[in-house]
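> The structure follows.
The values are calculated or read from the model by the stated rules, or taken from the named source; none is laboratory data. Worth saying up front: this structure is predicted, and the values here are computed from it rather than measured. Counting neighbours? That spans all protein chains shown, and the Cβs are built from the backbone with ideal geometry, glycine included. For accessibility, only protein heavy atoms count, side chains too; no ligands or nucleic acids. Shrake-Rupley method; radii C 1.70, N 1.55, O 1.52, S 1.80 Å.
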Amino acid sequence: MLKSKTFMKKTRSGGVLKIVREHYLRDDITCGCEGCEECSQENPVLQLETVLQSSLCTSPHYLLPDTNVLLHQVDILEDPIIQNVIVLQTVLQEVRSRSAPVYKRIRDIINNSEKYFYTFTNEHHRDTYIEQERGETANDRNDRAIRTAAKWYNNHIKKSKNMAHLQVLLITNDRKNMEKALEEGIVAYTCEEYIKSLVANPELVDRLAAVFDEKNEIESGKLIFSEHVPLSKLQQGIKSSIYVQGTFRASRDNYLEATVWVHGDDTEHKEIIIQGLRNLNRAMHEDVVAVELLVKENWVAPSSVVLQDDEESDDIESTEEKEKILKTGVQANAKPSGKIVGIIKRNWRPYCGMLARSQIKESTRHLFTPADRRIPRIRIETRQASTLEGQRIIVAIDGWPKNSRYPNGHFVKNLGTAGDKETETEVLLLEHDVPHQPFSQAVLSFLPKMPWSITPQDMKHRINLRHLYVCSVDPPGCTDIDDALHCRELENGNLEVGVHIADVSHFIRPGTALDQESANRGTTVYLCEKRIDMVPELLSSNLCSLRSEVDRLAFSCIWEINQDAQIINTKFTKSVINSKASLTYAEAQMRIDSPTMNDEITKSLRLLNKLAKILKRRRIDNGALTLSSPEVRFHLDSETHDPIDLQTKELKETNSMVEEFMLLANISVAQKIYDEFPEYALLRKHPAPPPANYDILVKAAKSKDLEIKTDSAKALADSLDKAESLAFPYLNTLLRILATRCMMQAVYFCSGLDNDFHHYGLASPIYTHFTSPIRRYADVIVHRLLAVAVGADTTYPDLMDKHKAAEICKNINFRHKMAQYSQRSSVAFHTQLFFKTKGILNEEGYILFVRKNAIVVLIPKFGLEGTVFFEEKDKVKPNLVYNDEIPSLKVENSTFYMFDKVKVRITLDASNLQHQKIRMALVEPEIPGITPLTKSDQSNSKGEPALKKSKLDK
């Protein structure tokens, strides 16, 4: 049956276009019920014997939720106990248009065969399709379509004898829809009524999202916040410049202060300070907000006060007292300030954290403290408080009424005991939004069938390089080997150097579920004791990994290079290689240094090392920076995987050797894909830092009578090389660590949407990533571009779409940043585990930064950074004098400068179970009233005398 709609549309040129839309209705759409005698269906989804036991409906039943239930109660629907649910096409389409994340979660539930969720295409069924009536809103029409489908289902199942006892229950929180359903004889309940009726599963009640009635909100208490301006008025206000749109960035250190980063390049103020609870007006970290600028007389200076929210109630009087402390900033430093008037887009997500149990006995309302200090506490209702205390849990926000000090939310999931290694790893992955669920069957279905071998078809557009003496050089225990190298002498006296990269794009074809999952993950994440792969293990550790003594598909970059490391010509080709050795950096170094070894692999390594030294010298002469950051390596217990030793990573010549050829390959490929596709090349740039970023580095060097020039990368590199002190060899490393902190983040971008390609740190006019496709999705795209450029593969539409490329870049930049943060969190957690077993340690370190009331100390032995505070609660405040120009901090009679040597006491402070941290206390130089005086402090473990006091004021 065919229905059609005809309407007229006016074209830009003034003409009239007749549009006819056809809508097909069918008789063969099945109900999905297991016992149905009316429908001829092969694989029914809904079970004949249902498992849910409800006190409201004692007979077996199916659930038919409306749109709002799907949107707001998805946590309930995901619970394993909720089964046999009918999801209407009308509802699914509405959810898709209103929330992409919820839609994806619902699709995942539908695809889970153990949940028995059935999608019924009611919009194309002859008996359930309805047309919108004159004067009827789209929302009312959809509600009527849902009721029509519910009525049809109840009539339909009664036609089958063995299903006569079954019922279909409409679940809706819409009062109007509920009233009409009951009038029409449909059995309907609110989600809360139904969940509370499941007597065998009382724990589900905690997962109910609170449903707010905005109109009745005011009655329950006095207003704390002003009403948010409606979205339509916000958009008008932004257009007419009454309001400014930007992204809200909460502060980790001060819950009463935030910054809004203004959108658009032509805005007068890029950053607006928001100070005070009422001005923050319920905005949360990463929300897109509308801001009204305050008059200039009311602008404030950023506060240097650390304020944590530790209130127990909605009483905001103490908060108002704290707000007065913020006003002490110097007015001369005042910056553009404003207040939040509305939320354009919420960026709520499920939050990990811990329950702060209410002091009121028998109370079911408790405050949840998120692990992320930028997120306010959330009030939840739960009857499991005694069970959840001391556990890491996930909570979702339902809303933030204007009469509530905190947002309201609901319990979602218990992750496990706080401090437990598996639990804490799960928390850091969730908090940094690292996709880490097992690969789905849909993804795994695109993997090659085993046993796998290279076929004649695979050899098309590919050359055989199995005869070459190729080897890989990697860290110990590396199984995802992306790259391998070879070098041999040519008859003309030049050298042939090859960088061979795993041909991941051969296995990951565009548009497949495997490709989409890899694109979403963006990067492999390396934690201290585990790896979260970007691609399934069959590829990462086997078929793509360039292991020794097996044939592997590769993408090779081969240069002819003279003895002075000048490139004569470059060739890119897909290939087959057979690596002759998988070496660690130490093993490769041993071969190079050994006078007795002279095999082909060793000769190749020596030639590569010789060339690498020339390439590195040339790069540095061109202005490339050699920076430093203290990286640590944990030695883990083989059984418990607890850290038993902690040391900084030692870099060998071979680390630099591999790095030089990877850089050379990346630059060569970047130039090739840009020459071929100037509009679509995926490149990587590193912007030059703003001059102000270097202030701290220049001041610190000056305090040690050294000059650091920052006019260019070359000037910075040269002055860092000259900044040596014979009496203080570690000073140069400290300066390089500090210089690293001044740098901007390197980012991926599409060449057709940017003009600045320069990579500041490498002093290269163009750069990309080609050498690690097993662990970086950017490299997979670059491989595809290069394959098309050399005629080894065909293109596809998205590859030549610069806006699609920009979307990919945005995601991989985000994933790369989150991977770095999660790696740091993993190191921090394992460092805490290490010091938990060590008790109290006294160690030497260097002052990295000087603050107004503290010094930041680096312990080179552990690559550990910590803060020594000189002001503590319930202790007499010492006399502190801070000098920003030098920079220095005078504490009583001792003055501390950046890079001064100190000795600190390291302990683990576990008083806050959720935010355990390494504490540092000053041991030497001694300051009366601050330094704890014990015998062990008078000398170090070797019995050496104490360090002499820091520079005393004369």
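> Output the residues belonging to segment 722-738 that are open to solvent by 40 Å² or more (accessible area, probe 1.4 Å), more than 13 Å from residue 627 (Cβ to Cβ) and assigned to a helix (DSSP H, G or I).
Passing the criteria: only 722.
> So, one more: Which members of segment 392-423 meet the condition of being of a type in the set (A, V, I, L, M) and touching a Phe, Trp or Tyr at 6+ places or on another chain (Cβ under 8 Å)?
393, 394, 395, 396, 397
> With respect to residue 771, determine if the residue is free of Cβ contacts under 8 Å to residues at least 24 places away in the same chain and not in a helix (DSSP H, G or I).
The answer is no for residue 771.
> Give the residue that is farthest from residue 749 (Cα to Cα), with candidates limited to residues of segment 802-813 that are basic (Lys, Arg) and open to solvent by 60 Å² or more (accessible area, probe 1.4 Å).
804
> Which residue pairs have Cβ atoms closer than 6 Å, lie 6 or more positions apart in sequence or on different chains, and pair a first residue in segment 704-731 that is farther than 23 Å from residue 686 by Cβ with a second residue that is at pLDDT 85 or above and among the small types (Gly, Ala, Ser)?
Listed pairs, sorted by first residue: 706/723.
> Is it true that residue 432 is surrounded by 14 or more Cβ atoms within 10 Å (Cβ to Cβ), farther than 27 Å from residue 192 by Cβ and not assigned by TED's automatic domain parsing to the domain that holds residue 572?
yes
> Within segment 74-124, take every residue that is among the polar types (S, T, N, Q) and open to solvent by less than 10 Å² (accessible area, probe 1.4 Å) and give me the one that is nearest to residue 54 (Cα to Cα).
For segment 74-124, the residue satisfying everything is 84.
> Considering each of 139, 162, 173, 155 in turn, give the residue that is assigned to a helix (DSSP H, G or I), more than 30 Å from residue 22 (Cβ to Cβ) and not hydroxyl-bearing (Ser, Thr, Tyr).
The match here is 162.
> Among the residues that make up segment 544-565, is at least one of them without any contact (Cβ under 8 Å) to a residue 40 or more places away in the chain and either crowded, with 23+ Cβ neighbours inside 10 Å or not in a helix (DSSP H, G or I) (or both)?
The answer is yes; a qualifying residue exists.
Every residue, every condition in (1) outside any strand (DSSP E or B); (2) assigned by TED's automatic domain parsing to the domain that holds residue 100; (3) closer than 17 Å to residue 110 by Cα, yes or no:
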residue	(1), (2), (3)
31	yes, yes, yes
37	yes, yes, no
40	yes, yes, no
44	yes, yes, yes
55	yes, yes, no
59	yes, yes, no
62	no, yes, yes
71	yes, yes, yes
76	yes, yes, yes
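> Looking at residue 241 and the list (1) at pLDDT below 90; (2) hydroxyl-bearing (Ser, Thr, Tyr); (3) open to solvent by 20 Å² or more (accessible area, probe 1.4 Å); (4) not in a loop (DSSP other than H, G, I, E, B), which single condition is not satisfied?
(4)
> While we're on this one: Scan segment 207-222 residue by residue and report those that are at pLDDT below 90 and surrounded by 13 or more Cβ atoms within 10 Å (Cβ to Cβ).
Residues satisfying the conditions are 209, 210, 211, 212, 217, 218, 221.
> Residue 794: polar (S, T, N, Q) and crowded, with 24+ Cβ neighbours inside 10 Å, yes or no?
No, not satisfied.
> Anything in segment 79-112 that is of a type outside the set (A, V, I, L, M, F, W, C) and in contact with a strand residue (DSSP E or B) (Cβ under 9 Å, 6 or more places away or on another chain)? List them, or say none.
83, 84, 89, 111
> Can we say residue 923 is touching an Asp or Glu at 6+ places or on another chain (Cβ under 6 Å) and aliphatic (A, V, I, L, M)?
Yes; evaluated as a whole, the condition is true for this residue.
> For segment 486-506, does any single residue satisfy the condition of being out of contact with any Cys (no Cβ under 8 Å at 6 or more places or on another chain), among the hydroxyl-bearing types (Ser, Thr, Tyr), under 21 Å from residue 769 (Cα atoms) and at pLDDT 95 or above?
Yes, that holds for at least one residue.
> If you go through segment 538-578 one residue at a time, how many are in contact with an Asp or Glu (Cβ under 7 Å, 6 or more places away or on another chain), of a type outside the set (A, V, I, L, M) and closer than 27 Å to residue 479 by Cβ?
6
> Here is a follow-up. Looking only at segment 762-771, how many residues end up being farther than 18 Å from residue 781 by Cα and open to solvent by 10 Å² or more (accessible area, probe 1.4 Å)?
3
> Given the options 184, 192, 227, name the one that is open to solvent by 30 Å² or more (accessible area, probe 1.4 Å), in contact with a Leu (Cβ under 8 Å, 6 or more places away or on another chain), among the acidic types (Asp, Glu) and modelled with pLDDT of 90 or more.
Answer to the check: 192.
> Is it the case, given these coordinates, that residue 140 is acidic (Asp, Glu) and touching a strand residue (DSSP E or B) at 6+ places or on another chain (Cβ under 6 Å)?
It is false that residue 140 is acidic (Asp, Glu) and touching a strand residue (DSSP E or B) at 6+ places or on another chain (Cβ under 6 Å).
> Quick one: which residue in 799, 864 is at pLDDT 90 or above and open to solvent by less than 30 Å² (accessible area, probe 1.4 Å)?
The unique qualifying residue is 799.
> Moving on. I need a count of the residues in segment 386-426 that are open to solvent by less than 10 Å² (accessible area, probe 1.4 Å) and among the aliphatic types (A, V, I, L, M).
3
> Residue 719 versus (1) in contact with a Lys or Arg (Cβ under 7 Å, 6 or more places away or on another chain); (2) open to solvent by less than 50 Å² (accessible area, probe 1.4 Å); (3) more than 27 Å from residue 850 (Cα to Cα): which is the lone unmet condition?
Among (1) in contact with a Lys or Arg (Cβ under 7 Å, 6 or more places away or on another chain); (2) open to solvent by less than 50 Å² (accessible area, probe 1.4 Å); (3) more than 27 Å from residue 850 (Cα to Cα), the lone unmet condition for residue 719 is (3).
> If you take just the helices (runs of 4 or more DSSP H) that sit entirely in segment 339-446, which of them hold at least 2 residues that are farther than 30 Å from residue 509 by Cα and of a type in the set (A, V, I, L, M)?
Counting at least 2 such residues, we get 385-388, 421-431.
> Return the only residue of 627, 636 being in contact with a helix residue (DSSP H, G or I) (Cβ under 7 Å, 6 or more places away or on another chain), over 21 Å from residue 592 (Cα atoms) and modelled with pLDDT under 85.
From the options 627, 636, the qualifying one is 627.
> For residues that are open to solvent by 20 Å² or more (accessible area, probe 1.4 Å) and more than 28 Å from the chain's Cα centre (by Cα), scanning just segment 656-667, find the one that is farthest from residue 792 (Cα to Cα).
So, considering only residues that are open to solvent by 20 Å² or more (accessible area, probe 1.4 Å) and more than 28 Å from the chain's Cα centre (by Cα), the one farthest from residue 792 (Cα to Cα) is 656.
> Could I ask something else about it? When residue 695 is evaluated against the numbered criteria (1) touching a residue at least 60 places away in the same chain (Cβ under 8 Å); (2) open to solvent by 30 Å² or more (accessible area, probe 1.4 Å); (3) farther than 23 Å from residue 749 by Cα, which criterion, by number, is the only one it fails?
(1)
> Before we move on, is residue 198 in a loop (DSSP other than H, G, I, E, B), open to solvent by less than 80 Å² (accessible area, probe 1.4 Å) and of a type outside the set (Ser, Thr, Tyr)?
yes
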